[in-house]
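Okay, so here's the structure we're looking at.
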Amino acid sequence: MPSMPNIRVLSGALLLGAAALSLAACGSKPPKELPPEPGPAVSTTTNAPMPQMPAGPVAGTQADFVAQMMGRDTIHFAYDKYGIDPASAVSLQSQATWLQKYPGKRATIEGHCDERGTRDYNLALGERRATAAKNYLVSLGVDAGRLTTVSYGKERPADPASTEEAYAMNRRAVTVAID
């Protein structure tokens, strides 16, 4: 009996032929007209300037206050004193000018002392120093309702050393603008 072709081989061949025909039908036809030759490269982006970031701190912030004060955000006191001396008055005048420029801003005045004396005594002295600075700012036209005081006594020294220079740095009132 003559042998019949294997059905599997025949099916595979038919499938392969169908795939080839379908690929041939999808082949690309040459365009009727070729596109023009590419010219010089042209950028599609604009040369708009980059947005400028502020050169300094944002106006009216604590960072701006510190930058504008250039150290005048802090006033210093003599040992066991809380009176405003002429150098401190100049600093407070600068603070008042800034606060008047930004009438919506509030500030806290921190009173500090050196490490000598008891905790309670230094808390009271720090409060007197902060209040003296506040009262001076109010006398320059700053609304008292915008100013608060706090005393840290000897708890937050600017310089932890136990020297006369460190003591002098620690006897201070610091104005902090509230963002």
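The values are calculated or read from the model by the stated rules, or taken from the named source; none is laboratory data. This structure is a prediction, so every number in the text was calculated from the model and none was measured. Positions of Cβ are generated from backbone atoms using ideal geometry, with glycine treated the same way; all protein chains shown enter the neighbour counts.
A few remarks follow.
- Qualifying positions in region 42-60 - touching a helix residue (DSSP H, G or I) at 6+ places or on another chain (Cβ under 9 Å) and either at pLDDT below 80 or surrounded by 14 or more Cβ atoms within 10 Å (Cβ to Cβ) (or both): 57, 60
- Within region 85-114, being under 21 Å from residue 156 (Cα atoms) and hydrophobic (A, V, I, L, M, F, W, C) holds for 107, 109, 113.
- Region 102-124, subset more than 22 Å from the chain's Cα centre (by Cα) and basic (Lys, Arg), residue farthest from residue 76 (Cα to Cα): 119
- The set of residues in region 139-176 that are hydrophobic (A, V, I, L, M, F, W, C) and under 30 Å from the mean Cα position of the chain (by Cα) comprises 142, 144, 147, 150, 158, 169, 173, 174, 176.
- Filtered residues of region 71-94 (kept if surrounded by fewer than 19 Cβ atoms within 10 Å (Cβ to Cβ), small (Gly, Ala, Ser) and more than 20 Å from residue 122 (Cα to Cα)): 71, 87, 89, 94
- Residue match in region 98-109 (condition: small (Gly, Ala, Ser) and outside any helix (DSSP H, G or I)): yes
- Test result for residue 90, under 24 Å from the mean Cα position of the chain (by Cα), part of a helix (DSSP H, G or I) and among the hydrophobic types (A, V, I, L, M, F, W, C): no
- Verdict on residue 136 being in contact (Cβ under 8 Å) with a residue 60 or more places away in the chain, buried (at least 17 other Cβ atoms within 10 Å of the Cβ) and not hydrophobic (A, V, I, L, M, F, W, C): no
- Residue, nearest to residue 147 (Cα to Cα), within region 77-116, restricted to residues that are free of Cβ contacts under 8 Å to residues at least 60 places away in the same chain and among the acidic types (Asp, Glu): 85
- If the condition is being within 18 Å of residue 95 (Cα to Cα) and either charged (D, E, K, R) or touching a Gly at 6+ places or on another chain (Cβ under 7 Å) (or both), then region 113-131 contributes 129, 130.
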